[in-house]
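Okay, structure first, notes after.
The values are calculated or read from the model by the stated rules, or taken from the named source; none is laboratory data. These figures come from a predicted structure and were not determined experimentally. Heads up, the Cβs are rebuilt from the backbone with ideal geometry, glycines too, and the neighbour counts pull from every protein chain shown.
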Amino acid sequence: MSDNTENNIPLSSDTYQCMNCGAALKYKPGTTFLHCDYCGTDTPIEAKVVDIVEELDFEEYSLSFEKLNTKATKVIGCRKCGAESTFDESLKSVTCPYCTTPLIEADVHEERLIQPSYLLPFKVKESDTQNHMSTWLKSLWFAPNKLRKQATYSNKLQGIYIPCWTYDAQTNTDYKGQRGDNYTVTVGSGKNRQTIVKTRWSYCSGHVSLFFDDVMVPASKMISSPVMNKIHNWDTMNMVETDNRFLSGFITEKYVLNMTDGFQYAKQQMESEIHQAIRSQIGGDDQRVNSKSTKFSDIKFKLILLPVYMSSYTYRNKLYHFFVNGRTGRVTGDRPYSAIKIAIAIIVGLILLALFAIFVNNQQ
């Protein structure tokens with residue numbers, strides 16, 4: 001292993017060359033090294049550990065977007081599904097990770113984009129994803145028997161850095177509502193006598209002040225928020241400052257959700273928590289929030305990159321995708337169901353239900 005950081009000679013803005021053999025170097029997951037697949041040389045990366053995360057001023061960027069932290073970036077688009085990624089020249093043969101269509105260098109164009117401030121490097125090795133995938137497949141109910149073999153041996157695995165916005169904001173909300181307190185009354189007489197619950201409503205109003213930190217909104221076109229939520233638990237405390245050497249050998253998806261639209265999604269998440277805070281402040285057994293007005297201030301944001309392995313497999317002429325958290329190995333994805341297994345389960349359930357009914361009748 002060489003200790004000479006000068007081994008990282010850029011072939012382009014995103015490509016680094018091995019001094020021993022001239023091959024393109026790739027980031028080695030779980031380490032702070034660039035690795036040469038041809039001669040085995042490892043070259044260290046001096047990662048800039050994040051002590052204090054710097055946020056960007058949302059209002060300032062909204063007013064003068066192109067003047068602040070933007071860069072002309074090469075982007076390659078997929079002709080079939082439209083997914084766009086930053087172009088890494090170290091990847092000589094690349095297929096679209098979403099639809100497996102070969103990407104053509106002729107489709108490279110240049111755009112001016114906000115640059116990601118931080119990233120989480122890949123930690124899980126590509127070879128280890130098969131174990132995580134197998135564990136996930138074993139946990140699937142009613143999966144076809146042939147699915148495990150077909151999906152596990154898929155050779156279309158790709159490592160992708162997914163762009164995500166994060167937002168901070170101070171919120172102040174005035175609200176008007178009603179507090180419901182339950183009480184019981186007894187009605188009727190004799191056999192018709194019963195106790196019922198009624199609610200006494202009283203008017204209330206108030207103010208809720210909440211600060212939100214790092215509300216995350218995926219900016220990917222092809223990987224949805226529900227998918228990212230299923231493979232969540234990102235250890236963002238281990239982020240490093242963005243360094244192209246960590247991106248070498250991987251695809252980096254271009255954000256398609258811009259910073260202003262992303263904040264609208266973040267506001268929806270904030271509004272949900274604000275609503276719950278209001279209900280908690282109102283108290284009682286039930287609450288009605290008749291109206292509320294929220295002011296957002298001191299809005300900050302940043303663009304980060306999160307590591308995801310993605311693969312696809314075809315089962316009975318239908319394409320399925322699965323996703324692996326590149327830090328933890330957590331898996332989610334599309335999956336087919338076995339109609340035969342579901343039918344057998346229904347039949348067994350009906351038989352057990354019938355046997356239970358017979359047992360109950362015999363006990364009477």
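Mind counting the residues in the stretch 287-319 that are in contact with an Asp or Glu (Cβ under 8 Å, 6 or more places away or on another chain) and farther than 29 Å from Met133 by Cα? Can you show your working first?
Initial filter on the stretch 287-319 (in contact with an Asp or Glu (Cβ under 8 Å, 6 or more places away or on another chain)): 292-294, 298-302, 309.
Imposing the further condition that a residue be farther than 29 Å from Met133 by Cα reduces the set to 292-294, 298-302.
The qualifying residues number 8.
If I ask for residues that are crowded, with 19+ Cβ neighbours inside 10 Å and either at pLDDT 85 or above or within 22 Å of the chain's Cα centre (by Cα) (or both), which ones from the stretch 101-117 would you list? Lay out the reasoning, then the answer.
To start, the set of residues in the stretch 101-117 that are crowded, with 19+ Cβ neighbours inside 10 Å comprises 103, 114, 116-117.
Answer for the stretch 101-117, where residues must be crowded, with 19+ Cβ neighbours inside 10 Å and either at pLDDT 85 or above or within 22 Å of the chain's Cα centre (by Cα) (or both): Ile114, Pro116, Ser117.
Search the stretch 330-356 for residues being basic (Lys, Arg) and at pLDDT below 80, and hand back the single one that is surrounded by the most Cβ atoms within 10 Å (Cβ to Cβ).
First pass over the stretch 330-356, keeping only residues basic (Lys, Arg): 330, 335, 341.
Within this subset, residues satisfying the condition of being at pLDDT below 80 are 335, 341.
Values: Arg335: 18, Lys341: 14.
Once the filter is applied, the top-ranked residue is Arg335.
Do you know which residues across the stretch 230-243 are of a type in the set (D, E, K, R) and not in a helix (DSSP H, G or I)?
Initially, the stretch 230-243 is screened for residues of a type in the set (D, E, K, R), giving 230, 235, 241, 243.
Asp235, Glu241, Asp243, listed by residue number.
What is the residue count in the stretch 191-224 for residues that are part of a strand (DSSP E or B) and free of Cβ contacts under 8 Å to residues at least 24 places away in the same chain?
Going residue by residue through the stretch 191-224, those that are part of a strand (DSSP E or B) are 194-218.
The next check asks that each one be free of Cβ contacts under 8 Å to residues at least 24 places away in the same chain; those that pass are 194-198, 200.
Total satisfying the criteria: 6.
Counting just the residues of the stretch 60-71 that are on the phi < 0 side of the Ramachandran plot and part of a loop (DSSP other than H, G, I, E, B), which one comes out modelled with the highest pLDDT?
The first filter runs over the stretch 60-71 and keeps only residues on the phi < 0 side of the Ramachandran plot, leaving 60-68, 70-71.
Within this subset, residues satisfying the condition of being part of a loop (DSSP other than H, G, I, E, B) are 64, 68.
On the way: Ser64: 71, Leu68: 60.
Ranking the qualifying residues of the stretch 60-71, first place goes to Ser64.
I want to confirm something. Restricting to the stretch 18-59 and keeping residues that are at pLDDT below 85 and outside any loop (DSSP other than H, G, I, E, B), which single residue is surrounded by the fewest Cβ atoms within 10 Å (Cβ to Cβ)?
Val49
Looking only at residues that are without any contact (Cβ under 8 Å) to a residue 40 or more places away in the chain and part of a strand (DSSP E or B) in the stretch 160-190, which one is nearest to Phe246 (Cα to Cα)?
Restricting attention to the stretch 160-190, the residues satisfying the condition of being without any contact (Cβ under 8 Å) to a residue 40 or more places away in the chain are 183-190.
Pick out the ones that are also part of a strand (DSSP E or B) and you get 183-187.
Details: Tyr183: 62, Thr184: 65, Val185: 68, Thr186: 71, Val187: 72 Å.
Taking the candidates together, the pick is Tyr183.
Among the residues in the stretch 7-17, are any surrounded by 19 or more Cβ atoms within 10 Å (Cβ to Cβ), aliphatic (A, V, I, L, M) and either at pLDDT 75 or above or not in a helix (DSSP H, G or I) (or both)?
no
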